[in-house]
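One structure below.
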Amino acid sequence: MSTWILLRGLARESRHWGRFPEGFAQMVPEARVVLLELPGNGDLHGEATGPPAGWRCRSDGAGYPPPYHLLAMSLGGMVATAWAAAHPEEIAACVLVNTSWRPPITACPQACKPCGLPGRPETRERRIFQLTTRLAPASDELIRDWAAIRVARPVSAGNAWRQLIAAARFRAPQAAPAPTLVLAGGGDRLVDPRCSAEIARRWHCPLATHPTAGHDLPLDDGDWVARQVAEWCSGQVRQS
């Protein structure tokens, strides 16, 4: 089996994947899915976020030996890239979802205010939902779940800003550090899809763009994401 480590993005944690990991494991052959947190998020919300070079995730926490396949979204894509560049022997492949490099092309100024949205937790999470999705139905239950996560394992304003600054300063290697598939949501209102296109162009790696999905592509159309990965693993995705 192949161990797939899933990494979320700015000020988000493993619970925000929702049901995607289960569906991914069913659609991608021989996939063993492991969810890990970035320092400052989730179970690690009490830790201070450092620079990306130090964000190599605790591979021993996966419980399985390398090499790993990384599926990483947004800021998590930068972490995956840094990890693969620093420890190529540990990484078999990367799937980068709606990520960006310096300088990031943001489609919405609210991208710079991850913890500055006003109001109650439910109000903040509903606004994040509106910013990051295009296809997923608005669900009061989902918003309540996200609000509960915010209350139970809050990301400090300091950690959120450190993550944002680290993302703005991140510099990717000139060549892909591991075999890479780039996925983008054509309707992403948070990070311009041109960021993904530029990564694929520079690294000469395959790019698949969902015509209408938003920034949280796994939530908008998780089956599409899993299908693209499964086809890529089987050699059916053509290089960009």
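Taking every DSSP helix (H) stretch of at least 4 residues in the chain, weighting each as -39,500 (n - 2.57) and dividing the sum by the residue count yields a mean residue ellipticity at 222 nm of -11000 deg cm²/dmol.
Probing with 1.4 Å while keeping every protein chain in the model, the per residue accessible area of the chain equals 46 Å². Classify the range 126-240 as rounded, prolate or oblate from the Cα gyration tensor: take a ≥ b ≥ c as the square roots of its eigenvalues, call it rounded if a/c is under 1.5, otherwise prolate when a/b beats b/c and oblate if not. It is oblate, given that a/c is not under 1.5 and a/b is not larger than b/c. Residues in the range 32-39 carry Karplus couplings, in order, of 10, 9, 10, 9, 10, 9, 8, x Hz; the curve used is 6.51 cos²θ - 1.76 cosθ + 1.60 with θ = phi - 60°, and Gly or Pro positions show x.
The candidate values were (i) 20.0; (ii) 17.6; (iii) 18.7; the one computed from these coordinates for Kirkwood radius over Cα pairs in Å carries the label (ii). Applied to the range 16-31, the Karplus parametrisation 6.51 cos²θ - 1.76 cosθ + 1.60 on θ = phi - 60° returns per-residue 3J(HN,Hα) values of 6, 5, x, 8, 4, x, 5, x, 4, 4, 6, 8, 9, x, 6, 9 Hz, with x for Gly and Pro. Remark on Val34: its backbone amide H falls under 5 Å from those of Trp4, Ile5, Leu6, a criterion applied only to residues 5 or more positions apart or on other chains, H modelled at 1.01 Å from N.
In terms of the mean number of neighbouring beta-carbon atoms within 10 Å, the peptides 127-136, 70-79 order highest first as 70-79, 127-136.
Phi angles across the range 84-89 convert, under the Karplus curve 6.51 cos²θ - 1.76 cosθ + 1.60 with θ = phi - 60°, into 3J(HN,Hα) values of 5, 5, 7, 9, x, 5 Hz, Gly and Pro given as x.
The values are calculated or read from the model by the stated rules, or taken from the named source; none is laboratory data. Predicted model only: the values in this text are computed from it and were never measured. We place every Cβ from the backbone using ideal geometry, glycine too, and count neighbours over all the protein chains shown. Protein only, heavy atoms only, side chains kept; ligands, DNA and RNA dropped before computing areas. Shrake-Rupley method; radii C 1.70, N 1.55, O 1.52, S 1.80 Å.
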